[in-house]
Amino acid sequence: MARVSQQHLDARRRQILDAAALCFARNGFHATSMQDVLKEADLSAGAVYRYFSGKDELIRAIVTEVLDEVRGAFEQAARLSPPPPPDELVGSVLGRALGARASLTCDGEPAFPRLVVQVWAETLRDKELAATMHEGYSRVHDGWMTLVRAYQDSGMMPADIPPEHVASTMIAAVQGFLVQQVLFGAAPVAVLQDGLRGLAGVRGPRSGT
């Protein structure tokens, strides 16, 4: 029997994850069956179950993959001196996450934002998924706090602002941007970048002369 290469195994796993992501984004978690995933992936049940035991494992794998990508990007940025400004960093990380999944679309719109919202909704019913999300977001939050401290050490950000508050705000900004894409349609990441850059440039009112 010919030995299957790791590259082939990785490509097949990617094929299954992308198919599941499309199904979840399009129909939601509960309305999606494993048969739907098999059909979308154009694979047999045996080929899919070799990698994943079912829908629960698929959605946790998708969530873990995305959050690990984001956390890794923040950790890499924190090692730079000085680190890139928040608007540049958010644009780079979010643009990369969206770009890597640009081929996944629902009704002509990017599927990734819809998938994110579907996952959030499912955490209200699935305690294990909620725990996976909490752990992943905690790591992303920690990455942001490390970055904020680097900004403060380099004089790019006031030292009296709690890093955890900035971290929570930056995560909320990205989450809100994704929700807006689901509600109002796709928008370039530059919109979020410009908004962050504008807010960062706000100064106190000019005193009268």
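The values are calculated or read from the model by the stated rules, or taken from the named source; none is laboratory data. What you see is a predicted model; the values in this text were computed from it and never measured. Don't worry about glycine lacking a Cβ; one is built from the backbone with ideal geometry, like all the others, and counts go over all protein chains shown. SASA here: full protein model, heavy atoms, side chains in, ligands and nucleic acids out. Shrake-Rupley method; radii C 1.70, N 1.55, O 1.52, S 1.80 Å.
Residues in the range 1-52 that are without any contact (Cβ under 8 Å) to a residue 24 or more places away in the chain, charged (D, E, K, R) and part of a helix (DSSP H, G or I): ASP10, ARG14, ASP36, LYS39, GLU40. Within the range 144-183, being surrounded by fewer than 14 Cβ atoms within 10 Å (Cβ to Cβ) and touching a Lys or Arg at 6+ places or on another chain (Cβ under 9 Å) holds for no residue.
Name every residue in the range 61-114 that is under 28 Å from GLN152 (Cβ atoms), touching a residue at least 60 places away in the same chain (Cβ under 8 Å) and among the hydroxyl-bearing types (Ser, Thr, Tyr), in order of residue number. Answer for the range 61-114, where residues must be under 28 Å from GLN152 (Cβ atoms), touching a residue at least 60 places away in the same chain (Cβ under 8 Å) and among the hydroxyl-bearing types (Ser, Thr, Tyr): just SER81. The set of residues in the range 2-61 that are of a type in the set (Phe, Trp, Tyr) and open to solvent by less than 60 Å² (accessible area, probe 1.4 Å) comprises PHE24, PHE29, TYR51, PHE52.
Total residues in the range 138-194 satisfying the condition of being more than 29 Å from CYS106 (Cα to Cα), part of a helix (DSSP H, G or I) and either in contact (Cβ under 8 Å) with a residue 40 or more places away in the chain or acidic (Asp, Glu) (or both): the figure is 10. Can you name the condition, by its number, that ARG203 falls short on among (1) out of contact with any strand residue (DSSP E or B) (no Cβ under 7 Å at 6 or more places or on another chain); (2) under 28 Å from THR64 (Cβ atoms); (3) open to solvent by 60 Å² or more (accessible area, probe 1.4 Å)? Failed condition: (2).
Quick check on this structure: which one of LEU124, LEU98, LEU115, LEU129 is under 12 Å from LEU178 (Cα atoms), surrounded by fewer than 21 Cβ atoms within 10 Å (Cβ to Cβ) and not polar (S, T, N, Q)? After applying the criteria, what remains is LEU98. Inspection of the range 102-112 finds a residue satisfying the criterion of being touching an Asp or Glu at 6+ places or on another chain (Cβ under 8 Å) and surrounded by 15 or more Cβ atoms within 10 Å (Cβ to Cβ).
Among residues belonging to the range 62-95 that are among the small types (Gly, Ala, Ser) and surrounded by fewer than 18 Cβ atoms within 10 Å (Cβ to Cβ), point out the one that is farthest from LEU178 (Cα to Cα). The residue in question is SER81. When the residues of the range 64-92 are filtered to those that are under 26 Å from GLY201 (Cβ atoms) and among the β-branched types (Val, Ile, Thr), the one that is nearest to the chain's Cα centre (by Cα) is VAL70.
When restricted to residues that are under 16 Å from PRO85 (Cα atoms) and of a type outside the set (A, V, I, L, M), the range 167-200 contains 6.
Within this structure, GLU135 fails the test of being within 18 Å of the chain's Cα centre (by Cα), under 20 Å from ARG26 (Cβ atoms) and modelled with pLDDT under 95. Scanning for something assigned to a helix (DSSP H, G or I) and at pLDDT below 85, does the range 63-74 turn up at least one residue? Looking through the range 63-74, at least one residue is assigned to a helix (DSSP H, G or I) and at pLDDT below 85.
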